[in-house]
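Enquirer: Below: one structure in structure tokens.
What follows is calculated from the coordinates using simple rules that are stated; it is not laboratory data. Here the structure is a predicted model, which is why all the values come from computation and not from measurement. Cβ atoms come from the backbone with ideal geometry, glycine included; neighbour counts cover every protein chain shown.
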Amino acid sequence: MKRLLSLLIIVAIVTFAGFKAGVWWLTDQRMAEVRTEFAEAGVLERGSIGSSMDGRVILKQSQWQNFRLTQPLVLGVVEFDAGSPLALLTTLANPSPLPASWRLVVEQASMVLEPTMFRNWVTAGAEAESRLSPLVALACAPDPRQQLGSGDLMRMGISAIRGDLLLEQQASGLRAEINTAATGSLEVTWPGARVALSGLSTTLSSSAEPVSVTFRDAGLMRRLSAYCAREAGQEVSEWAANAVSALQAGLQARGFQGSDQLLALYRQWLMEGGELIFALEPSSATLGIPVRSESEPALAWPVSYNGAGVPDVYLTEIEAPTPQLPLEVMEPVVPREDPGVQRWYAEELENAQTWIGRQVRVTLANDNQVVGRLVSVGERELEVSRTVAGGEVAYPMLIRAIRQFEVWRRGRPE
């Protein structure tokens, strides 16, 4: 009996050590494959590997640095639960197909914000994108082309995006949850769907059922609308009306007209936020928002706002206007500089860094002018400090929205 007990203990120790070593090695191999697969997009650091005998593998302090972004995404804990030790080993040995049921949990995910999150080559490439008007345009400055960015979030007191993620595959379908500390939560339920590692298109075509989406903003929209309206020098209602007009223009450029209820819902959401529940269809060109016609006048999008249903939310197909190319801006005539006269002289934006601390005058594309002390120059924007009520307020402006940059100085000798 004593010999049998000793044998069982040895077998248990060997099994435990073999399981741990096998999970570690297989996880390391799979993470190396993922790192190679996404090497052109960024750098993946897997962190430390742990496992549990109930069928879980755990990564700690993993990190993903996308080449397009200036800050990495840090993942404190990543846990994959296959349901059993055998299912875990089988999945790690051959990830395709995934088990019938599994669970992925990401905890303590975070990304620190910077005033400029996208690298300059990304923003330069964005200028060449489609000329169609954007559907969502949230202006946070007197120039309507200066849209909400990471710098605005930082000035609102949001220094980082932090939260947790749950992705659960069940026999009935797919469920996902994202919960963040200051920017709300998102819940997604997709009946009949299955995640396929072979590609996103395979996953999107795995179910014809609509996706149920629940979004809660946690008070973010009230803060955001109040901040952007203040920066734009408008009332909140006027700022929201301008955002609705931008949505209308974006829809019309794509050949659609939003219903009055759709536009009213968007306006209310921008000003008050709250809870939105709606359904999406990934295979639909309009993501499931119905397009009414004379033959089907009763179609409407099922939307719930703060627990109450919203009727008559739909699109109507119209003829899209012909896009017009913007007129080229004429180069200003540069006057001869007089060394004995101190006045405004035009300078190249590329050399703006050399004038930090000097008095400058910036003319925006909409003819608005900002005069003040040049504080900083970044890849996407520069900041001019103005004296207000005895103090200084930094005013950020997108470089691409600047038409003319001038410096108060004496002329150079010819």
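Enquirer: Which of Val23, Val371, Val244 moves the most in a Gaussian network model of the chain with Cα springs under 10 Å?
Expert: Maximum fluctuation in the GNM of the chain, among the listed residues, is at Val371.
Enquirer: Same structure again: Compute the projected area of the convex hull of the Cα atoms of the chain, averaged over all viewing directions, and report it in nm² to one decimal place.
Expert: Numbers: hull surface 116.5 nm².
Mean projected area of the Cα convex hull: 29.1 nm².
Enquirer: Another question about this same structure. What are the ³J(HN,Hα) couplings of region 233-245, residue after residue, when phi is run through the Karplus curve with 6.51, -1.76, 1.60 and θ = phi - 60°? Round to Hz, x for glycine and proline.
Expert: Working through the residues one at a time gives x, 10, 6, 4, 5, 5, 4, 5, 4, 5, 5, 5, 4 Hz.
Enquirer: What residues qualify as long-range amide H neighbours of Ala193, i.e. H under 5 Å apart, gap of 5 or more or another chain, H built at 1.01 Å from N?
Expert: Amide H neighbours of Ala193, under 5 Å, 5+ apart: Leu174.
Enquirer: A further question follows. Could you pull out every residue, at least 5 positions away or on a different chain, whose amide H is within less than 5 Å of the one on Gln404? Hs are placed 1.01 Å off N in the peptide plane, and Pro or chain starts have none.
Expert: Here the answer is Thr363, since their amide H atoms fall under 5 Å of that of Gln404.
Enquirer: Hey, in the GNM for the chain with a 10 angstrom Cα cutoff, which one of Leu287, Leu92, Leu364 fluctuates hardest?
Expert: In this elastic network of the chain, the residue with the biggest mean-square fluctuation among Leu287, Leu92, Leu364 is Leu287.
Enquirer: OK, next. Can you compute 3J(HN,Hα) from phi for each residue in region 104-117, using the Karplus curve 6.51 cos²θ - 1.76 cosθ + 1.60 with θ = phi - 60°, rounded to whole Hz and x for Gly and Pro?
Expert: For region 104-117, the Karplus-derived couplings read 10, 10, 10, 10, 6, 6, 7, 9, 6, 8, 10, x, 10, 8 Hz, x marking Gly and Pro.
Enquirer: Taking amide H atoms as placed 1.01 Å from N in the peptide plane, list the residues 5 or more away in sequence, or in a different chain, whose amide H sits under 5 Å from that of Ala218.
Expert: Ser185, Gly274
Enquirer: Using only Cα atoms, tell me the angle between helix 260-272 and the longest principal axis of the chain; keep it within 0 to 90° and round to the nearest 10.
Expert: 90
Enquirer: Let me have the 222 nm mean residue ellipticity of the chain computed from DSSP H runs of 4+ only, each contributing -39500 (n - 2.57), with the sum over all residues rounded to the nearest 500. Working shown, then result.
Expert: On the way: 8 runs with 107 residues, N = 414.
Here the helix-only value at 222 nm equals -8000 deg cm²/dmol.
Enquirer: Any idea which of Leu135, Leu166, Leu265 is furthest toward the positive side of the dipole for the chain, if Lys and Arg beta-carbons carry +1 and Asp and Glu beta-carbons -1?
Expert: Result: Leu166.
Enquirer: For Ser52 and Glu187, compute 0.36 nm times the residue count separating them, minus their Cα-Cα distance, and round to one decimal in nm.
Expert: Details: separation 135, 0.36 × 135 = 48.60 nm, distance 2.78 nm.
Gain on stretching Ser52 to Glu187: 45.8 nm.
Enquirer: Determine the shape class of region 342-410: with a ≥ b ≥ c the square roots of the Cα gyration tensor eigenvalues, call it rounded for a/c under 1.5, and otherwise prolate if a/b is greater than b/c, oblate otherwise. Each step should come with its number before you reach the end.
Expert: Working: a/c = 1.33, a/b = 1.11, b/c = 1.20.
Cα axes put region 342-410 in the rounded bin.
Enquirer: Each residue of region 137-146 in order: what ³J(HN,Hα) in whole Hz does its phi give by Karplus 6.51 cos²θ - 1.76 cosθ + 1.60, θ = phi - 60°, with x for Gly and Pro?
Expert: Running phi through 6.51 cos²θ - 1.76 cosθ + 1.60 with θ = phi - 60° gives 10, 10, 6, 10, 6, x, 7, x, 7, 8 Hz.
Enquirer: To continue, here is another question. If you average the alpha carbon positions of region 223-285 and of region 350-414, how far apart do those two centres end up, in angstrom?
Expert: 32
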